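Contents: one structure, followed by commentary.
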Amino acid sequence: MKTAPVSPASPALSDPMDVARRTDQTELKIYTRMPFVPIRGEDCYLWDARGERYLDLYGGHAVALTGHCHPDVSRAIAEQARTLLFYSSAVLSAVRVDANELLLKHAPIPGTRVYHCVSGTEANETAMKIARKTTNRRKIVSFVGSFHGRTLASLSAGGMDKYRATAGPVIVPHHVHVPFGDEKALADAVDGDTAAVMCEAIQSLAGVMVAPPEFHRAMADIAKRAGALLIYDEIQTGIGRVGSWFHADAVGVKPDLITLAKGIASGIPAAAVLVAPVVAEKIALNDQGNTFGGGPVAMAAMRATLEVIEREGLVENAARVGQALMRKLAGMKGVKAVRGAGFLVGIELEIPAAKVQAALLQRHMVTGTSSAPNVLRLLPPLTFSETHVGEFLPVLEEVLAGA
Ligand SMILES: Cc1ncc(COP(=O)(O)O)c(C=O)c1O
């Protein structure tokens, strides 16, 4: 086969204003985009076309778990792409089974099975579908403030009006929302028609809202007593971000279904539903399926991602460095509260977070906001170190002092 030379990037791509103009002419205007064109990444740093370096505390929206372009992950992807780019899960695959085994080692319940798909919202749709099908019940009880994705059932389960409104007039029926942390309201809402209680383990987009472990355990009891399944959306919290493999581990619950996505394959689109054995045995042939889930490149990336996380002790790193980071942030002038766990950190400021985010970007620090106007969010790679913390804090201090 002949190969054509790779075409050089368009020279216009170097100019952020030009990229912004051409983006507006070609894409739906669905995001307020940062005025920033990263073209290269390595570990916790990004570079723009001028060669300027940025510290990344946002990780491409919580995706760069192993840091940008970890050499082992990039090599695994390149090698797989050269050997077999794609075949669907209709065939057997050694790389897929390797990834399954590495992932399931950390599942809360032995004998758990995995279902591969491509995006977080697809994993959540699948989990709700499985819950409804296997219980033969209709209702999903979820929490005010939660975010579960942007397709119809996930939007309907989500507990923020702002996002639900984007579905227009059609919201999937049989979704009920109760306040996060309100045990009585949850107990009142869960009944004999409840297929599942669905929980975003830590409500990230809502401003990093954390419920106490006792509430999580009460939730598990309430669901169990009613014969409803427990779904944990760990799309953001899972695979070590919060300093444990799953937030469910940290709060001592064993969900029936756990949904995962984001950095599970370090940025190659991949998502998964972990299905407890009692549920898995009720799933029949053709009950679910999709084309791309479990594809070889995604599985090579997932296998390498999980290997790197284990080998480099990144879950422990997130717990240790995350705790130190939160402790230091808590004493800072201009900071009202710090919430979260590991490397999912919400900093409640005295002033709007968007202003601080913009000032930080000017100083080459990439951070995130949330739907709570004053909450700045940090979602760095799990490789983020004390050195990176030391680089970030004085800059934030300076920005807050000048605000
Ligand atoms: C907790 C949570 N659930 C679900 C989703 C949806 O995932 P995706 O954008 O891959 O569909 C997200 C994405 O931000 C999320 O943070």
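A few points about this structure:
- Per this entry, Ala304 is not counted among residues that are of a type in the set (Gly, Ala, Ser), part of a helix (DSSP H, G or I) and within 25 Å of Glu200 (Cα to Cα).
- Test result for Gly294, touching a strand residue (DSSP E or B) at 6+ places or on another chain (Cβ under 6 Å), of a type outside the set (Lys, Arg) and under 30 Å from Glu397 (Cα atoms): no
- Number of the exception - Met209 against (1) more than 16 Å from the ligand (Cβ to nearest atom); (2) open to solvent by 40 Å² or more (accessible area, probe 1.4 Å); (3) among the hydrophobic types (A, V, I, L, M, F, W, C): (1)
- Residue pairs whose Cβ atoms lie under 9 Å apart, separated by 6 or more positions or on different chains, with the first residue in the range 290-311 and farther than 13 Å from Pro269 by Cα and the second of a type in the set (Lys, Arg), are Arg303/Arg96; Ala304/Arg75; Leu306/Lys105; Glu310/Lys105.
- Residues of the range 184-206 that are near the ligand (Cβ under 10 Å from one of its atoms) and over 18 Å from Ser156 (Cα atoms): Ile202 alone.
- Scanning the range 124-151 for residues that are away from the ligand (no atom under 12 Å from the Cβ) and among the polar types (S, T, N, Q) yields Thr134, Thr135, Asn136.
- Residue within the range 165-174 that is within 14 Å of the ligand (Cβ to nearest atom), under 24 Å from Val375 (Cα atoms) and at pLDDT below 95 present: yes
- Considering only residues in the range 271-280 that are in contact with a Pro (Cβ under 9 Å, 6 or more places away or on another chain) and among the hydrophobic types (A, V, I, L, M, F, W, C), the one that is farthest from the ligand (Cβ to nearest atom) turns out to be Ala276.
- Single unsatisfied condition, Ser244 versus (1) assigned to a helix (DSSP H, G or I); (2) away from the ligand (no atom under 16 Å from the Cβ): (1)
- Count of residues meeting criterion [within 16 Å of the ligand (Cβ to nearest atom) and within 29 Å of Ile77 (Cβ to Cβ)] in the range 249-265: 9
- Tyr232 satisfies every condition listed in (1) more than 18 Å from Val141 (Cα to Cα); (2) in contact with a His (Cβ under 8 Å, 6 or more places away or on another chain) except (1).
- Looking across Ile283, Ile268, one residue alone is at negative phi, within 16 Å of the ligand (Cβ to nearest atom) and open to solvent by 30 Å² or more (accessible area, probe 1.4 Å). It is Ile268.
- Here the range 92-123 is the region considered, the condition is being of a type in the set (Lys, Arg) and surrounded by fewer than 20 Cβ atoms within 10 Å (Cβ to Cβ), and the residue that is nearest to the ligand (Cβ to nearest atom) is Arg113.
- Tabulated pairs, the range 197-216, first over 15 Å from Leu376 (Cα atoms) and of a type in the set (Phe, Trp, Tyr), second more than 9 Å from the ligand (Cβ to nearest atom) and open to solvent by 30 Å² or more (accessible area, probe 1.4 Å), C-beta under 6 angstrom, 6+ apart or interchain: Phe215/Gly181
- Count of the range 363-384 residues which are in a loop (DSSP other than H, G, I, E, B) and open to solvent by less than 30 Å² (accessible area, probe 1.4 Å): 9
The values are calculated or read from the model by the stated rules, or taken from the named source; none is laboratory data. The model shown is predicted, which means the values in this text are computed figures rather than measured ones. Virtual Cβ from ideal backbone geometry, glycine too; neighbours counted across all protein chains shown. Note: accessible area is taken over every heavy atom of the protein model, side chains too, but ligands, DNA and RNA are not part of it. Shrake-Rupley method; radii C 1.70, N 1.55, O 1.52, S 1.80 Å.
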